[in-house]
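Heads up: the structure comes next, in structure tokens.
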Amino acid sequence: MAIVHVLDHPLIQHKLSLIRDENTGSKDFRELVEEVAMLMAYEVTRDFPLQDVEVKTPVATMKAKSIAGKKVGLIPILRAGLGMVDGMLKLIPTAKVGHVGLYRDPETLKPVEYYCKLPTDVEERDLIVIDPMLATGGSATAAITFLKERGAKNIKLMCLIAAPEGIREVQSYHNDVDIFVAAVDDHLNDHGYIIPGLGDAGDRLFGTK
Ligand code: PRP
Ligand code: URA
């Protein structure tokens, strides 16, 4: 069974509380989402293998460590996943970025695909699917399915807030995908919003309504 990692670092939790606050405007919301994504990237990459490299410091030569040839792909789910990309790129600057465009039909709550552009070598990359919200889990499940259909083998999912329903949905289809979240909230309301959540992540990031 895929593991759910709840990243409870105090900085992540503090910033997440500010993100949730309805009085936080779009500018601060965007900056905080980027910062939390960067902090979460630190944990999501914890299993990256290291190799020995020789480094000459100003006073000696030593065996140091470097990440062993990882090829990473960041896959934001449009739109709201975009808000997490720059923070992650600060820590993983060589990652390629692929985009999956999905929106939730407001009636059925089912994801509708409208865009997909991925790195050509997606099957060789460690992919991290990013989206602030894991609500019913429909969008993340569909995005991961698209990636697997295009050959992806190694996938993680990173979200700010998950509902238990969304975690169960992803696990039921994609048992091999570890999930990294800053919080697991209580439940979904009748409109598929996470309670207590943060509202509509895309609207708060981009100032739409
Ligand atoms: C939001 C969010 C996720 C999705 C989660 O996107 O960013 O992609 O809902 O819901 P689910 O787990 O029930 O599928 P939305 O469809 O509102 O589109 P947007 O990012 O363009 O605002
Ligand atoms: N999408 C959001 O942006 N927020 C939710 O609470 C659920 C889905």
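The values are calculated or read from the model by the stated rules, or taken from the named source; none is laboratory data. Remember, it's a predicted structure, so these values are computed and weren't measured experimentally. Every residue, glycine as well, gets a Cβ built from its backbone with ideal geometry; the counts of neighbours run over all protein chains shown. Keep in mind that these areas ignore ligands, DNA and RNA; they rest on the heavy atoms of the full protein, side chains included. Shrake-Rupley method; radii C 1.70, N 1.55, O 1.52, S 1.80 Å.
Quick look at the numbers
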read-out: Ala163 touching a residue at least 40 places away in the same chain (Cβ under 8 Å), hydrophobic (A, V, I, L, M, F, W, C), within 16 Å of ligand 2 (Cβ to nearest atom) and under 20 Å from Met40 (Cα atoms); value: no
read-out: Candidates Arg104, Arg150, Arg125 - the one that is at pLDDT below 95 and either open to solvent by less than 40 Å² (accessible area, probe 1.4 Å) or more than 12 Å from ligand 2 (Cβ to nearest atom) (or both); value: Arg150
read-out: Unmet requirement for Met84, which otherwise passes all of (1) away from ligand 2 (no atom under 16 Å from the Cβ); (2) open to solvent by less than 50 Å² (accessible area, probe 1.4 Å); value: (1)
read-out: All positions within segment 65-76 that are surrounded by 13 or more Cβ atoms within 10 Å (Cβ to Cβ), at pLDDT 95 or above and either over 19 Å from Lys153 (Cβ atoms) or touching a Phe, Trp or Tyr at 6+ places or on another chain (Cβ under 7 Å) (or both); value: Pro76
read-out: Test: residue in segment 178-198 that is modelled with pLDDT under 95 and of a type in the set (A, V, I, L, M, F, W, C); value: no
read-out: Residues satisfying the stated conditions in segment 156-199, i.e. hydrophobic (A, V, I, L, M, F, W, C), in a loop (DSSP other than H, G, I, E, B) and within 13 Å of ligand 1 (Cβ to nearest atom); value: Ala163, Leu198
